[in-house]
Amino acid sequence: MDTVLRSRSKTVTIGANQPFCIIGERINPTGRKAFAEQLRGGDTSQVASDSIAQVLAGADMLDINAGIPLVDEPDLIKSMLRTAQAAVDVPICIDSSVIEALEAGLSVYEGRALVNSVTAEDERLEEILPLVARHGAAVIGLANDETGIPETPQQRLECARKIVSAAGDYGIAPEDVLIDPLAMTVGADTEAVTTTLATISLIRDELGANMCLGASNVSFGLPQRHVLNAGFLPMAMAAGLTSAIMSTAEVCVQSVRAADLLLGHDPWGGSWIAAHRARKAALEQAATT
């Protein structure tokens with residue numbers, strides 16, 4: 001099953017036999033005090049620069065989150081989306097827990113968006129899925145419900161089943177539901193990553209669904225986070241993960257693209273070799289200027 005997302009003129013396809021989809025995580029005010037203050041004051045210039053930098057670093061898509069306390073989130077996310085779409089031409093994941101903000105974002109989005117996210121909670125399913133269906137979008141479904149984050153892969157699978165089934169009731173195709181198998185920090189639970197990997201494999205084998213998660217969660221609170229993230233991503237890809245909201249730090253992007261080649265998603269290493277040649281040419285040009 002392939003999930004097809006679009007910007008104004010670019011299409012990204014997420015699937016088990018496709019190159020891994022890197023969704024840049026940077027445009028999020030959480031933990032970025034200066035950025036949050038800029039946004040609060042109506043300045044979206046950082047959105048433009050972050051969008052360009054992430055795409056240049058290798059992002060196939062961008063995640064945009066406008067979650068700042070005591071702001072008009074629907075109005076802010078529309079402004080951020082307009083800025084990002086003017087700066088780059090890649091599909092966007094509209095990230096909010098506020099229904100009105102999702103509605104506002106989808107109303108100004110040019111293309112076919114990815115909505116982040118819905119859970120297996122009945123109330124959230126009833127609120128978000130009709131919105132997704134009405135706008136012809138795809139959606140990320142978090143494998144948790146009213147009881148919280150399930151401890152076992154089997155319980156997370158059941159949440160995933162419920163989301164896919166509920167989406168079907170609203171006419172949303174299975175391939176347009178990306179399941180989030182839930183990545184938690186290994187710093188708080190030494191079994192967190194192995195549980196996530198087992199969940200990814202189970203969802204792949206039982207549902208055949210595409211998946212997306214917040215890859216940087218695994219390293220939260222630990223030193224050298226990019227190195228840990230770069231180690232985690234190829235393991236998750238081998239288990240069946242097809243996309244991630246992640247850092248575009250070079251070590252992370254290179255790790256993903258190397259795994260694409262080694263897992264057979266970059267035939268004959270065409271993309272890997274082309275990227276190497278581009279880097280080499282850039283270095284040579286820099287050395288002569």
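The values are calculated or read from the model by the stated rules, or taken from the named source; none is laboratory data. Since we're looking at a predicted model, the values are computed, not measured. Neighbour counts run over all protein chains shown; Cβ positions are idealised from the backbone, glycine included.
Residue-wise test of (1) buried (at least 16 other Cβ atoms within 10 Å of the Cβ); (2) farther than 14 Å from Ile23 by Cα; (3) not aliphatic (A, V, I, L, M).
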| site | (1), (2), (3) |
| --- | --- |
| Ala239 | yes, yes, no |
| Thr242 | yes, no, yes |
| Leu261 | yes, yes, no |
| Gly264 | no, yes, yes |
| Gly269 | no, yes, yes |
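Of the residues Ala143, Ala160, Ala113, which single one is closer than 15 Å to Ile203 by Cβ and in contact with a Lys or Arg (Cβ under 9 Å, 6 or more places away or on another chain)?
Values: Ala160 fails: in contact with a Lys or Arg (Cβ under 9 Å, 6 or more places away or on another chain); Ala113 fails: closer than 15 Å to Ile203 by Cβ.
Sole residue among the options that is closer than 15 Å to Ile203 by Cβ and in contact with a Lys or Arg (Cβ under 9 Å, 6 or more places away or on another chain): Ala143.
The residues on offer are Asp89, Asp43, and the sole one that is among the acidic types (Asp, Glu), out of contact with any helix residue (DSSP H, G or I) (no Cβ under 8 Å at 6 or more places or on another chain), surrounded by fewer than 22 Cβ atoms within 10 Å (Cβ to Cβ) and farther than 25 Å from Leu131 by Cα is Asp43. For region 27-43, the criterion of being in contact with a Phe, Trp or Tyr (Cβ under 8 Å, 6 or more places away or on another chain), closer than 30 Å to Ile203 by Cα and in contact (Cβ under 8 Å) with a residue 12 or more places away in the chain is satisfied by no residue at all. Only residues that are closer than 23 Å to Ala282 by Cα and touching a strand residue (DSSP E or B) at 6+ places or on another chain (Cβ under 9 Å) were counted in region 54-89, giving 7. Are any residues in region 203-213 in contact (Cβ under 8 Å) with a residue 40 or more places away in the chain and either aromatic (Phe, Trp, Tyr) or surrounded by fewer than 20 Cβ atoms within 10 Å (Cβ to Cβ) (or both), and if so, which ones? Across region 203-213, the qualifying residues are Arg204, Glu206, Leu207, Gly208. Within the set Val253, Val218, the sole residue that is within 20 Å of Gln54 (Cα to Cα), among the hydrophobic types (A, V, I, L, M, F, W, C), modelled with pLDDT of 95 or more and crowded, with 20+ Cβ neighbours inside 10 Å turns out to be Val253. Within region 270-289, residues that are over 20 Å from Ala258 (Cβ atoms) have Cβ atoms under 9 Å from residues that are among the small types (Gly, Ala, Ser) and modelled with pLDDT of 85 or more in no pair, counting only partners at least 6 apart in sequence or on another chain. Listed here are the helices (runs of 4 or more DSSP H) enclosed by region 1-105 that have at least 2 residues being under 22 Å from Asp260 (Cα atoms): 45-57. Could we say that Ile68 is touching a Pro at 6+ places or on another chain (Cβ under 9 Å), of a type in the set (A, V, I, L, M, F, W, C) and within 16 Å of Thr44 (Cβ to Cβ) here? Judged against the criteria, Ile68 is a match.
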